[in-house]
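Each remark here refers to the structure printed beneath this line.
Please treat every number below as a calculation from the coordinates, not as lab data. Keep in mind that this is a model prediction, so the values were computed, not measured. With ideal geometry, Cβ positions are generated from the backbone for all residues, glycine too; neighbour counts draw on all protein chains shown.
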Amino acid sequence: MNTLSEETDDAAFSGWREIIAPDAPGRQVSGTVEDHRYRADLAGDESRLPSPSRWLSPELIFQYQTPRLGFVFAELPHDRFLCLQRWEGTVLEVNCHEFTARLSDLSQKGPDEEATLVLDDVNSDDRELLRPGAIFYLNLGYRICQSGQRVRGVSLKFRRLPSWEADEVLDARERARKRLERIVRE
Amino acid sequence: MREIKQESWSIVIRGDLNPRIFQPSWFAMQNLLGHDEAESAKLEVVHPEVTHFSVDWVDIQVLRDRFAVRTLQEGHAEAMRDLVMGTFRLLRHTPAGIMGINKTVHFSVDNRDEWNAIGHALVPKSGIWNDTLKKPGTRAVLVQGERPDEFKGYVLVRIEPSPKVQPGVFIEINDHYNVTRDDKAPPPAIAELMKVLEQAWVDSVARADATTKRIMEIR
Amino acid sequence: MSDAACPPRPDEVEVSIFGPGYGESLAIHLGSGSWAIVDSCVLPDLLTPAPLDYLNRIGVDPSSAVKVVVATHWHDDHIRGLADVVSTCRSASFVCSEAFLKEELLMLAEAYTRCRVTTRTGVCEFDKVMAHLEEAKRPPRVALEGRILWHQVKRGSPVDFDSEIRALAPSDRTVEIARRTMAALICDLGPQRRLPVLTKNESGVVLLVNTGPDSILLGNDLEEAGIGGWTAIVQGCGATDERAIVFKIPHHGGKTGYCDDVWTRMLQDEPYCLLSPFICGSQRLPSRDDCGRILAHTSRGYITCSPALPRKRRRREPTVEKTIRENMPDLGDVPCSPGQVRLRMVPGDPRSRRVELFAGALSLERAWD
């Protein structure tokens with residue numbers, strides 16, 4: 001390769017190219033670009049997909065009948081976490097200042113591990129989720145600052161999924177009941 | 001030594017959505033994001049047509065016809081998946097039939113010779129290219145394959161020079177799933193896509209990681 | 001001393017206990033080539049459950065020789081690999097507590113199994129067992145106090161003896177308690193949590209295995225709960241003249257499984273006591289005090305491995321190692337040992353009784369050395 005492509009940070013957008021059919025009508029949105037702060041491409045001309053730094057003037061939006069909305073994600077932050085090792089953990093016990101957990105290596109398959117972690121590593125938002133059985137993701141690596149300085153550390157995030165809804169519980173009950181009927185006892 | 005310098009995962013869903021719902025406060029209320037997280041969210045826009053905000057580890061964009069979430073920090077792919085699953089467990093009747101599980105990687109190579117060698121390995125210049133173009137260079141490679149499982153869809157891999165890492169290569173893997181009955185039928189409720197996400201996630205990630213590794217091994 | 005890989009003689013009864021540190025399972029030879037498996041555990045290096053691996057090593061075909069598979073309760077450490085055991089032991093009856101066949105546990109199994117991103121829970125294994133039973137149309141046999149679960153009569157040979165497996169627990173009352181506990185758990189759980197490891201066991205199956213004149217009391221993980229638990233067993237159907245010579249210590253020797261009346265009214269003097277440790281997080285059972293309590297009753301205590309097994313750190317890249325040392329200095333593999341305690345005896349012949357210790361198993365006196 002001896003040329004650089006255009007800005008490709010909007011990688012997820014390019015995944016959308018297959019979803020957006022070439023002739024799919026877009027939506028006309030009232031207001032100016034500055035109001036909505038999005039980028040719009042020129043309808044029907046994917047090769048002219050602008051780089052994120054190019055803005056279209058307000059007049060251009062209304063010049064075309066069917067502008068398609070193109071999005072770019074936020075730039076990946078300069079201050080980022082470079083992950084070297086990942087686990088999925090389950091809380092076993094919680095004590096005053098620490099908790100023990102069973103860890104399953106997500107970076108490389110192997111038997112389960114156990115470790116004691118300090119409560120200070122759990123951010124304030126996640127403290128209420130910390131109880132036996134709770135599932136979390138643990139990453140070990142470097143935090144890389146914009147200056148390039150690297151600081152080793154951990155990042156810990158608890159799984160957030162809604163508890164079962166009433167109709168899901170009813171559905172599970174119904175399937176359980178049917179299964180019981182099918183299992184004949186001696 | 002070749003090294004991944006940046007890695008990101010995203011999930012993109014196409015359906016029928018109301019962007020206005022998806023504000024940080026809604027996610028906090030549903031316990032899908034922490035309260036402090038939601039409070040400090042960087043809000044780009046909330047509008048009936050589009051909502052876009054980010055917290056430190058994930059970026060969320062919702063249009064009327066698509067929902068897209070992308071990790072901003074490494075190591076949060078599973079948390080991002082949980083965010084999508086949690087959102088659409090609550091909004092399980094949302095009509096949606098198409099989903100992409102996407103991975104992007106920027107990796108560095110040792111020198112420009114290696115960098116060029118990758119381009120030549122992917123698209124050999126001898127023959128047609130040298131015969132028809134002056135100094136041909138690989139600009140991008142896009143390859144589509146069939147799905148290796150029971151789901152409808154395809155797998156798309158894009159490889160380009162990396163604009164972020166020089167010399168380096170950019171890879172994008174789009175694992176595309178389609179649960180619509182046919183093009184004319186309305187999309188089913190998103191619960192079906194979420195089942196696919198639950199079932200397919202581990203294999204999709206493994207496949208994307210294996211593809212990345214294989215591309216990084218090209219000499 | 002017999003060869004480790006030799007099967008027992010037809011006239012020999014055998015009780016083998018496997019306990020790698022987290023997990024417990026038993027293989028029992030009931031005479032005349034008939035076997036029972038109680039619970040299941042898997043060693044990390046093995047793909048096969050420990051009892052199946054053992055039977056294969058001694059040349060016993062589990063698909064025909066195993067007559068009974070018992071699941072005493074649904075806790076994760078007693079149920080890993082059970083689906084494998086049940087499907088391999090095709091000739092065996094599957095026995096479980098009545099609590100297994102209540103809607104509530106099946107509901108939990110359904111809910112967790114549907115949520116495929118929360119894997120590796122005891123109820124997921126339980127769901128696999130139920131799915132197999134349903135598909136193979138194998139009806140489970142329910143264990144309830146007083147019920148005879150399996151019986152083999154003497155065949156006329158002088159070395160043969162009658163064998164019987166009888167349930168001493170659960171009772172209707174404890175099944176109902178378990179059902180309510182399960183119902184409460186459902187409200188509290190969801191895909192964001194696995195079932196906590198350290199929940200109470202109120203409705204487990206307790207078995208009395210009678211082989212001729214000798215009895216074996218298998219206490220599984222049952223805890224003493226005052227009017228429930230062991231006291232109820234001692235006062236109820238456990239109150240017989242049969243006093244066991246072999247006792248599988250309940251609840252890994254922990255004090256919540258201890259009941260003095262069991263020792264004074266259900267066991268012979270100096271019984272052979274077998275147990276496996278429970279190593280999970282900071283919990284290490286039996287503790288030194290627990291060992292002392294058991295050894296006050298018998299000198300014949302044997303454990304599959306030491307509860308003091310250290311965690312071993314696996315090798316990782318230097319940068320990762322350094323970060324681990326700074327942030328999680330006690331990280332290590334879950335302690336594990338392939339230990340086995342094996343007791344063989346000819347029923348009615350005390351001189352024939354011998355205990356063998358394999359692969360890290362040791363006498364209880366040395367458990368904390």
In nanometres, what is the gap between the two model label sites at A:S163 and B:K213, each 7 Å from Cα along Cα-to-Cβ?
4.0
Which whole-number value in Å³ per residue fits the convex hull of the alpha carbons of region C:248-314?
82
Under the definition of Cα pairs under 8 Å and six or more residues apart, what whole-number percent is the relative contact order of region B:1-160?
26
What relative contact order, as a whole-number percentage, does region C:269-308 give when Cα pairs under 8 Å and 6 or more residues apart are counted?
58
Listed residue pairs exceeding 19 Å between alpha carbons, taken from B:K42/B:K164; B:K195/C:K102; C:K67/C:K154
B:K42/B:K164; B:K195/C:K102
Over region C:215-369, what lengths in whole Å, largest first, do the semi-axes of the equivalent ellipsoid take, defined as the square roots of 5 times the eigenvalues of the alpha-carbon gyration tensor?
36, 19, 11
In whole Å, what three semi-axes, largest first, describe the equivalent ellipsoid of region A:131-182 built from its Cα gyration tensor (square root of 5 times each eigenvalue)?
45, 11, 9
With label points set 7 Å from each Cα along the Cα-to-Cβ direction at B:R20 and C:D289, the distance between them in nm comes to 6.3
Charge dipole (region A:80-158, unit charges on Cβ, about Cα centre) - positive-most of A:A115, A:L140, A:T100
A:L140
How big is the Cα convex hull of region C:13-363 in projection, averaged over all directions, in nm²?
18.4
Using alpha-carbon positions, what is the distance between the centroids of region B:108-128 and region B:200-219, in Å?
20
Taking 0.36 nm per intervening residue step and subtracting the Cα-Cα distance, what contour gain separates C:E356 from C:D45 on full extension?
109.7 nm
About the Cα centre of region A:80-158, how large is the charge dipole given +1 on each Lys and Arg Cβ and -1 on each Asp and Glu Cβ? Please answer in debye to the nearest 20.
460
Taking N as the number of residues in region B:54-158, what value does Rg over Cα atoms divided by 2.2 N^0.38 Å take?
1.51
What FRET efficiency comes out for the pair B:D113/C:S363, r = Cβ-Cβ distance, R0 = 45 Å, nearest 0.05?
0.10
Rounded to the nearest 20 Debye, what is the dipole magnitude of region C:13-363 about its Cα centre when Lys and Arg each give +1 and Asp and Glu each give -1 at the C-beta?
800
Got the relative contact order for region C:13-363 handy, in percent, Cα pairs under 8 Å and 6 or more residues apart?
16
Region C:65-117 - Rg over Rh from alpha carbon coordinates, Kirkwood radius
1.00
At 7 Å along Cα-to-Cβ for each site, give me the label-to-label distance between B:E192 and C:R265 in nm.
6.3
Based on the alpha-carbon gyration tensor of region B:1-46, what equivalent-ellipsoid semi-axes (square roots of 5 times the eigenvalues) come out, in whole Å, largest first?
27, 17, 10
To make sure I understand the rule: partners must be aspartates and glutamates, Cα under 12 Å from the Cα of B:K152, and not fewer than 8 residues away in the same chain. Which ones qualify?
B:D175, B:D182
Can you figure out the FRET efficiency of C:V320 with C:R57, using R₀ = 35 Å and their beta-carbon distance, to the nearest 0.05?
0.40
For region B:160-219, which GluC sites (Glu not before Pro) are in a loop by DSSP, counting at most 15 other Cβ atoms within 10 Å?
B:E217
Förster radius 45 Å - calculated FRET efficiency between C:S64 and C:R173, Cβ distance, rounded to 0.05:
0.75
For chain B, what are the per-bin percents of Cα-Cα distances with bins 5 Å wide, up to the bin holding the maximum?
1, 7, 13, 16, 16, 14, 12, 9, 6, 4, 1, 0, 0
Using only Cα atoms, locate the centre of region C:37-64 and the centre of region C:75-96, then give the distance between them in Å, rounded to an integer.
11
Pick out, in residue order, every one of the trypsin sites (Lys or Arg not before Pro) in region B:106-210 that is DSSP loop and has at most 16 other C-beta atoms within 10 Å; say none if there are none.
B:K125, B:K134, B:R139, B:K164, B:R181, B:K184
Where Rh denotes the Kirkwood radius from the mean inverse Cα pair distance, what is Rg over Rh for region A:80-158?
1.00
